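Asker: Sharing a structure here in structure tokens format.
Every read-out reported here was derived from the displayed coordinates using simple, explicitly stated rules and does not represent laboratory data. Computed from a prediction, not measured in an experiment: that's the story for all the values here. FYI the Cβ positions are ideal-geometry reconstructions off the backbone, even for glycines, and counts take in every protein chain you see.
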């Protein structure tokens with residue numbers, strides 16, 4: 001089963017908790033400045049005024065901020081993350097405009113058909129059990145709802161996949177150190193999550209098993225993905 005598994009997930013969450021002060025800065029550096037662009041591309045035209053939106057694995061709330069702008073400030077946002085400290089930092093970004101909830105992807109404390117859209121910005125890769133996480137998101141989406149995923153991609157082409165792996169294993173650490181010093185080096189754990197992440201075609205198949213329509217964009221030669229899956 002794809003996903004980090006309980007043991008490695010606990011290790012990754014511990015590392016994420018320790019890098020909260022530099023999280024945003026390093027993300028921007030290691031994505032070569034593309035993280036914000038890809039969030040906008042994923043959300044544009046898919047969030048509408050009056051929508052109820054779940055930001056799953058919200059972190060600082062970057063996806064929530066883009067969604068609110070897209071909805072012209074008129075959206076009900078629920079920020080959901082396993083790390084309470086992340087949510088407290090998110091509150092500083094969004095003030096009282098979002099409801100905060102803590103928990104994991106695989107067991108969500110929401111009723112069936114609650115949300116018009118679910119956002120996963122660089123977070124779904126950290127699922128404990130990926131298939132279970134996708135099924136749970138499908139459950140809490142309304143009919144016609146959208147699951148929007150922005151994340152690393154794992155190219156199907158062996159050569160391209162090797163290039164992405166090389167970048168994550170060796171170059172990422174250099175950029176992270178330049179951005180945040182020793183604390184940035186902890187971002188090297190991202191390579192371990194990538195190893196457990198399915199190839200792009202495999203992720204597509206997992207989503208297609210549940211969702212009626214998939215829009216799957218693969219910029220950076222498939223090294224990034226922007227996905228919209230429609231229930």
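Asker: Give me the percent of DSSP beta bridges within the chain that run antiparallel, rounded to the nearest 5. Write out the running numbers ahead of the final one.
Answerer: Details: 13 of 32 bridges.
The antiparallel fraction comes to roughly 40 percent.
Asker: OK, next. Compare the peptides 28-36, 79-87, 105-113 by average per-residue count of other Cβ atoms within 10 angstrom and give them in order, highest first. Numbers along the way, then the final one.
Answerer: Working: 28-36: 16.4, 79-87: 20.0, 105-113: 14.6.
Highest mean packing first, the order is 79-87, 28-36, 105-113.
Asker: Of the listed peptides 66-72, 118-124, 225-231, 175-181, what is their order by residue-averaged count of other C-beta atoms within 10 Å, with the highest listed first?
Answerer: Working: 66-72: 19.0, 118-124: 25.6, 225-231: 21.6, 175-181: 16.7.
Packing order, densest peptide first, comes out as 118-124, 225-231, 66-72, 175-181.
Asker: Now for a separate question. Per q in 0.11, 0.17, 0.18 1/Å, what log10 I(q)/I(0) does a Debye calculation on the alpha-carbon atoms of the chain return?
Answerer: Log10 I(q)/I(0), no solvent term: -0.50, -1.32, -1.51.
Asker: Let me ask you something else. Kindly give Rg over Rh for the range 13-68, based on alpha-carbon atoms, with the Kirkwood expression for the hydrodynamic radius.
Answerer: Details: Rg = 12.8 Å, Rh = 12.6 Å.
Rounded to two decimals, Rg over Rh is 1.01.
Asker: Fewest to most neighbouring Cβ within 10 Å: what's the order for 172, 195, 185? Don't skip to the end; give the middle numbers.
Answerer: Details: 172 22, 195 11, 185 16.
Placing the least packed residue first, the sequence is 195, 185, 172.
Asker: If you count the DSSP beta bridges with both ends in the range 81-183, what percent of them are antiparallel, to the nearest 5? Write out the running numbers ahead of the final one.
Answerer: Numbers: 1 of 8 bridges.
Within the range 81-183, antiparallel bridges account for around 10 percent of the total.
Asker: Can you give me the Cα centroid spacing of the range 143-162 and the range 1-23 in angstrom?
Answerer: Using only Cα atoms, the two centres lie 20 Å from each other.
Asker: Going by a ≥ b ≥ c, the root eigenvalues of the Cα gyration tensor, does the range 150-213 fall in the rounded group (a/c under 1.5), the prolate group (a/b larger than b/c) or the oblate group?
Answerer: Details: a/c = 3.44, a/b = 2.07, b/c = 1.66.
Prolate.
Asker: Could I ask something else about it? In the Gaussian network model of the chain, springs joining C-alpha atoms below 10 Å, which of 158, 91, 208 carries the largest mean-square fluctuation?
Answerer: Comparing 158, 91, 208 in a Gaussian network model of the chain, the most mobile one is 158.
Asker: Specify the residue with the greatest mean-square fluctuation among 159, 150, 12, computed from a Gaussian network of the chain linking alpha-carbon atoms under 10 Å apart.
Answerer: Comparing 159, 150, 12 in the GNM, the peak value goes to 159.
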